[in-house]
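Here the structure is laid out as structure tokens; the discussion comes afterwards.
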Amino acid sequence: VLSELFKMRLTTLVLLTTLAGFYLGSRGPISYGLMLSTVLGAALLAGGASALNQLLECEHDAKMRRTQDRPLPSGRLTAEAVLIIGGTCAAAGLVWLALAVNLMTALLGAITLGSYVFIYTPLKRVTTLNTAIGAIPGALPPLMGWTAARGEISVEGWSLFAIICFWQLPHFLAIAWMYRDEYAKAGFVMLPVVDATGERTGRQAFCHTLGLLAVSLAPFLYKMAGPVYLCGALALGAAFSWRAFQFARERSLARARALFYASILYLPILFGLMVIDKT
């Protein structure tokens, strides 16, 4: 139950990008104690944010097949229990980051929590811009890892933020296209719900993969990673953009699914190359 409440797949992605940011931001020998403290704080924060998100969306989750079996809509947990669990985890994560890591990382964590739970979540029922706005809290974890290691925000850390930010748009647009009927039924104002032909959805997905290809070169340009990373980033970016272009031309379920799977493969491979080829 807690695994579902904390959205463990999403939380795992958050932790991996946080770890990558920490490793890339580290100078000299890795401080494993600080790294573990960063991961623990980020895990508590991410789990708490996921629980609070589900608390606010319980009524809408119950209307969608893909979410109706979550702990709250299925009745396995009460709203009071989720509020206590989510609130406690989120608060503990922020306090831990402030005391065991540094105040800057805790501040970024607070911005992540607040924008995800109190801005992005309600905006999903108001405007199609919710996906773009939701990309901000989703892209902050690697920057948190960077500030945990460096104690400062720099342009290199922002480049990691930009990569995740651009990656999220085609990733979530593919999901929203695959489940657009369910999103409409649940009352979520996603772009594929209001974009009947899918032209805007496809165009935005493709344009953001091109933007991603451009910003993915930043780690090489800022001397964070070497030529192996550069070649990998170009190849991955081209392949991802091609999938998005195919989806833009033919807005079918199969093309959306192919784009989604491409996005799932792209991110861990890109960050893996960045870590392996760190300069």
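The values are calculated or read from the model by the stated rules, or taken from the named source; none is laboratory data. Predicted model, so just to flag it, every value in this text is computed and none were measured. So basically every Cβ, Gly included, is an ideal-geometry build from the backbone, and we count neighbours across all protein chains shown. Ligands, DNA and RNA are stripped out before the accessible areas are found, and what is left, the full protein with its side chains, is counted by its heavy atoms. Shrake-Rupley method; radii C 1.70, N 1.55, O 1.52, S 1.80 Å.
One residue alone among Leu210, Leu217 is open to solvent by 10 Å² or more (accessible area, probe 1.4 Å) and farther than 28 Å from Thr105 by Cβ, and that residue is Leu210.
A single member of Ala176, Ala186, Ala98 is over 27 Å from Gly211 (Cα atoms) and open to solvent by less than 20 Å² (accessible area, probe 1.4 Å), and it is Ala186. Taking the criterion of being in a helix (DSSP H, G or I), open to solvent by 70 Å² or more (accessible area, probe 1.4 Å) and touching a residue at least 60 places away in the same chain (Cβ under 8 Å), the residues of the range 3-32 that qualify are Glu4, Leu16, Tyr23. Among the residues of the range 250-268, those identified as over 18 Å from Gly232 (Cα atoms), of a type outside the set (Phe, Trp, Tyr), open to solvent by 30 Å² or more (accessible area, probe 1.4 Å) and in contact (Cβ under 8 Å) with a residue 60 or more places away in the chain are Arg251, Leu253, Arg257. The single condition among (1) surrounded by fewer than 16 Cβ atoms within 10 Å (Cβ to Cβ); (2) touching a helix residue (DSSP H, G or I) at 6+ places or on another chain (Cβ under 8 Å) that Thr105 does not satisfy is (1).
Taking the criterion of being hydroxyl-bearing (Ser, Thr, Tyr), part of a loop (DSSP other than H, G, I, E, B) and under 25 Å from Ala20 (Cα atoms), would at least one residue in the range 176-190 satisfy it? Write out each step before concluding.
Step one: list which residues in the range 176-190 are hydroxyl-bearing (Ser, Thr, Tyr), which gives 179, 183.
Those still in the list that are part of a loop (DSSP other than H, G, I, E, B) too: 179.
Okay, now just the ones that are also under 25 Å from Ala20 (Cα atoms), so none.
Checked against the condition, which is being hydroxyl-bearing (Ser, Thr, Tyr), part of a loop (DSSP other than H, G, I, E, B) and under 25 Å from Ala20 (Cα atoms), the range 176-190 yields no hits at all.
With respect to the conditions (1) in contact with a Leu (Cβ under 8 Å, 6 or more places away or on another chain); (2) farther than 16 Å from Lys7 by Cα, Gly48 lacks only one, and its number is (2). Does any residue of the range 112-132 turn out to be touching a residue at least 60 places away in the same chain (Cβ under 8 Å) and charged (D, E, K, R)? Checked the range 112-132: at least one residue is touching a residue at least 60 places away in the same chain (Cβ under 8 Å) and charged (D, E, K, R).
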